[in-house]
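The values are calculated or read from the model by the stated rules, or taken from the named source; none is laboratory data. None of these values were measured; they are calculated from a predicted model. FYI the Cβ positions are ideal-geometry reconstructions off the backbone, even for glycines, and counts take in every protein chain you see. Side chains included, ligands, DNA and RNA excluded: accessible areas come from the protein's heavy atoms. Shrake-Rupley method; radii C 1.70, N 1.55, O 1.52, S 1.80 Å.
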Amino acid sequence: MHCPLCSHTVISHYHRDKVRDYWQCNRCQLVFVNAQQRLSPEAEKAIYDLHQNSHTDAGYIRFLSRFAEPLKQRLSPGSKGLDYGCGPAPVLAEMLSTSGFPTVGYDPFYQPALPAGTFDFVCCTEAIEHFYQPGKVFEHWLGLMNPCAVLGIMTKRVMNKERFANWHYKNDQTHVCFFSEATFSWVAAHYSLRLEIAGPDVVFLYRDKV
Ligand SMILES: [Zn+2]
Ligand SMILES: [Zn+2]
């Protein structure tokens, strides 16, 4: 077994619940579910389809605002963005576009054509915890980011083993990797990005001009 973020092979058992085992990388601290215990892509898609309706309600828009508002404050006027893992409805892309930050979406299930070009910001809300190969995704993002681009990520963070045991977030069978502050710090150091912890489930990673 190796870590799906940093490829390290020193892995410790982290937690077991009725359904799955969770493992932790000794280097980047990512907590993850290994391949044998993940759902099939078809089973995942069926779960995502069930949640489609909730994507246009007011609660969801309010939820996304907790990410979109701080992001907007950090962008230069007219910045162009990519919403990676946008899901079935381009809600965040529309919120940002109407605020003057033209944003396009990509989603492996619902919008599989990756828009061309590079971007001033990339955002990923409530999606990174679903990725099987987050290391590959970070590398992909870096290739899509302009100099000085911002990467914004919304995902709930692992606090400690005790809290993890009772954490509803892990019970979603489509969630397969769980980041903590330590893991984001590893990402920042590894990819030479500057990390800002902006809220309990929001981080920004900056590619500063050198
Ligand atoms: Zn790792
Ligand atoms: Zn999720």
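A compact table of results
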item	result
Fraction of beta bridges assigned by DSSP in the chain that are antiparallel (%, nearest 5)	60 percent
Vicinal HN-Hα couplings computed from phi for the stretch 109-118 (Karplus, 6.51 cos²θ - 1.76 cosθ + 1.60; Hz; Gly/Pro x)	8, 10, 9, x, 8, 6, x, 6, x, 10
Residue-averaged 222 nm ellipticity for the chain, from DSSP H runs of 4+ at -39500 (n - 2.57), nearest 500	-8500 deg cm²/dmol
Overall Cα dimensions of the chain, principal axis frame, Å, largest first	46, 43, 29
Calculated from backbone phi, Karplus (6.51, -1.76, 1.60) coupling profile of the stretch 127-139 in Hz, x at Gly/Pro	9, 4, 5, 9, 7, 6, 10, x, x, 5, 5, 4, 5
Of all accessible heavy-atom area on the stretch 40-206, the percent that carbon and sulfur account for (1.4 Å)	56 percent
Per residue accessible area in Å² of the stretch 40-206, where ligands, DNA and RNA are left out and the probe is 1.4 Å	45 Å²
Sequence of Asp201, Asp49 from largest to smallest accessible area, 1.4 Å probe	Asp49, Asp201
Whole-Hz ³J(HN,Hα) from phi, Karplus 6.51 cos²θ - 1.76 cosθ + 1.60, for the stretch 2-17, glycine and proline x	9, 6, x, 9, 10, 6, 4, 10, 8, 10, 10, 5, 10, 6, 10, 10
Residues with amide H under 5 Å from that of Cys123, placed H, sequence gap 5 or more	Leu82, Asp83, Tyr84, Gly152
Peptide ranges 81-94, 145-158 listed from the most packed, as the mean C-beta count within 10 angstrom indicates	81-94, 145-158
Cα-based helix-to-principal-axis angle, 41-50 vs the chain, degrees rounded to 10	60 degrees
